[in-house]
Amino acid sequence: MNRRLYMSAPDVGESEERYVLEAMRSGWIAPLGPDVDAFENSIAALTERSHAVALSSGTAALHLALLAHDVQADDTVLTSTMTFAATANAIRYVGARPYFIDSLESTGNIDPSLLEEALVALTARGERAAAILPVDLLGKVADYPAITALAERFNVPILSDAAESLGASHLGCPAGSFGSAAAISFNGNKIMTTSGGGMLLTDDPEVASRVRYLATQARQPVAHYEHTEVGYNYRLSNILAALGRAQLQRLPTMIARRREIRDLYRSLFADVPGVNIFGGTKDAEDNFWLTSILVDPTISGWQASELSTALAADNIESRPLWKPMHLQPVFAQDRALVNGVSERLFETGITLPSGSVLSDADLDRITNRIRAFLGSK
Ligand SMILES: Cc1ncc(COP(=O)(O)O)c(C=O)c1O
C-alpha cells in the first residue's frame with residue numbers, strides 16, 4: 001500500500017525541533033514561560049488584538065469566551081450549522097442552547113439574512129440571544145460587517161469561531177479581529193499547529209484577565225490556593241508555545257504552499273463540467289486552509305463520494321464537508337433555521353488533500369489519481 005496522504009497533516013521541520021529543544025533546555029516546561037508570552041504577543045499582533053491568551057485548545061477558547069461573556073444555562077446562542085462539533089459542544093458546556101442558522105451558498109458561512117430572521121423571531125417572543133457565534137468555515141471569514149450590524153441592533157455580543165481561519169482576512173481586517181472575542185485553534189490539522197492548542201483573542205482587558213483566571217483553575221492571587229468559583233486547567237504548555245512560535249514564522253510560506261495546491265486543483269477541474277472549487281472566489285482574503293470541490297452530479301455524471309472512494313483506493317484521504325449540526329443526533333432537539341444550503345453543501349462537497357506538507361511527488365500522485373478517475377467517467 002502506498003504511504004497515506006492526509007488532508008492536512010502537520011508541517012513541522014528543523015526550526016520547530018530547534019525551538020522545542022531550546023524551550024526544554026531553558027527549563028520552562030510548565031504551562032507558562034517566555035515562549036507562551038512571546039507566542040501570545042505575536043498572535044495578538046498578527047490578529048490586531050490587544051490581548052491573546054494561549055490555551056490548550058480552540059474548544060477551550062470557545063468555552064471560556066462563552067463563560068467570560070456570562071452565557072449561562074438555558075441561554076440561546078445563535079451559531080452556524082455548518083461547522084465542526086466543537087462550536088456547538090462549547091455552547092452546551094455552559095448549559096446554553098445552540099440555535100443553528102443555515103449558510104451562504106458562496107462560503108458556507110452563516111447567512112446574515114437568516115440570522116436576522118432568527119433574531120427578529122426571538123425578539124417577537126420576548127427572548128434575547130446571549131451571543132452570536134459565527135464560524136469562519138475552512139479559512140473564509142464570515143460576513144462580519146452584516147453580522148456586526150445585527151449584533152448592534154439587537155444588542156448581542158459576537159464571539160467569533162476563527163479556529164480555521166488564522167491568516168485569512170476580510171476587508172483588510174485579519175481573521176480573529178472580529179467580535180468581542182475570537183477563538184483560534186492550533187490543532188494538528190490546522191494551518192499551523194502546536195500539536196494541540198488554541199488562543200482566545202480580545203480587545204477587552206477584563207475578558208482577557210477573566211479567561212486567564214478561569215484557565216488557571218480560577219486561583220485567587222494568594223499563596224494558599226484560594227478558590228471562590230470553579231475553574232479549568234486550560235493553559236498551553238511553554239514547550240508547545242515554542243512549537244507555535246516556530247510555526248508562526250513559517251505561516252506565510254505554509255499559506256503560499258496551500259495556495260499553490262488550490263491553484264493546482266483549480267486548473268485540474270477547470271474544464272470538468274459540474275465541478276466548482278468551493279468558496280474559491282476571493283483569493284486575497286483566503287488562508288487556503290482546505291480546498292474543497294462541489295460536484296453537481298446532474299452535470300458531472302458522478303457523485304463526490306465516488307471520487308472519494310477512488311482516492312481511498314490509493315490511500316489518499318478526502319472527506320465530505322462538515323455534516324451540519326442540525327443533522328447531528330446529539331443536537332436534534334435544538335432549534336434551527338435552515339433552508340437546504342448546508343445540506344446541499346454536505347451532499348455535494350468533498351475536501352481534498354490540502355496540507356502544506358504535501359510534496360510535489362505527493363501532489364502528482366493525487367492529481368494522477370483524480371485524472372484517472374475523471375478519465376474513467
Ligand atoms: C470550526 C472549529 N471550531 C472549533 C474547533 C476546535 O478546535 P480544537 O480542536 O483546537 O479544540 C475546530 C477544530 O478542531 C474547528 O474546526
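Provide a single number: the residues in the range 41-68 that are part of a helix (DSSP H, G or I), under 18 Å from residue 181 (Cβ atoms) and away from the ligand (no atom under 16 Å from the Cβ).
Step one: of the range 41-68, the residues part of a helix (DSSP H, G or I) are 41-46, 58-68.
Next cut, under 18 Å from residue 181 (Cβ atoms) only: 41, 43-46, 58-68.
Filter once more, so that each one left must be away from the ligand (no atom under 16 Å from the Cβ): 41, 44-46, 68.
Residues that pass the stated criteria total 5.
Of the residues that sit in the range 305-326 and are of a type in the set (Ser, Thr, Tyr) and in contact (Cβ under 8 Å) with a residue 40 or more places away in the chain, which one is surrounded by the most Cβ atoms within 10 Å (Cβ to Cβ)? Step by step, filter the range 305-326, then rank; the result is 318. For residue 148, the stated conditions hold: it is of a type in the set (Val, Ile, Thr), open to solvent by 10 Å² or more (accessible area, probe 1.4 Å) and more than 11 Å from the ligand (Cβ to nearest atom).
Restricting attention to the range 117-140, does a residue exist that is in contact (Cβ under 8 Å) with a residue 40 or more places away in the chain, within 16 Å of the ligand (Cβ to nearest atom) and of a type in the set (Val, Ile, Thr)? Yes, the range 117-140 contains at least one residue that is in contact (Cβ under 8 Å) with a residue 40 or more places away in the chain, within 16 Å of the ligand (Cβ to nearest atom) and of a type in the set (Val, Ile, Thr).
Here residue 79 does not qualify as open to solvent by 10 Å² or more (accessible area, probe 1.4 Å) and polar (S, T, N, Q).
Against the numbered list (1) open to solvent by 10 Å² or more (accessible area, probe 1.4 Å); (2) within 15 Å of the ligand (Cβ to nearest atom); (3) at pLDDT below 95, residue 185 comes up short only at (3). Whenever a residue of the range 216-231 is acidic (Asp, Glu), its partners that are surrounded by 10 or more Cβ atoms within 10 Å (Cβ to Cβ), lying with C-beta atoms within less than 9 angstrom and at least six residues away or across chains, give the pairs 226/219; 226/220; 229/214; 229/218. Among the residues of the range 275-317, those identified as under 18 Å from the mean Cα position of the chain (by Cα) and of a type in the set (Gly, Ala, Ser) are 279, 280, 292.
Among the residues of the range 144-159, are any in a strand (DSSP E or B) and in contact with a Leu (Cβ under 7 Å, 6 or more places away or on another chain)?
At the first step, the residues of the range 144-159 found to be in a strand (DSSP E or B) are 158-159.
Narrowing the set further to residues that are in contact with a Leu (Cβ under 7 Å, 6 or more places away or on another chain) leaves 159.
Within the range 144-159, one or more residues are in a strand (DSSP E or B) and in contact with a Leu (Cβ under 7 Å, 6 or more places away or on another chain).
Taking the range 202-300 as the region of interest, the helices (runs of 4 or more DSSP H) fully inside it that hold 3 or more residues being open to solvent by less than 20 Å² (accessible area, probe 1.4 Å) and closer than 29 Å to residue 64 by Cα are 205-214, 238-269.
The values are calculated or read from the model by the stated rules, or taken from the named source; none is laboratory data. All values derive from a computational prediction rather than experimental measurement. In this analysis, Cβ positions are derived from the backbone assuming ideal geometry, glycine residues included, and neighbour counts consider all displayed protein chains. Each accessible area value is taken on the protein alone, full model and side chains, heavy atoms only, with ligands, DNA and RNA left out. Shrake-Rupley method; radii C 1.70, N 1.55, O 1.52, S 1.80 Å.
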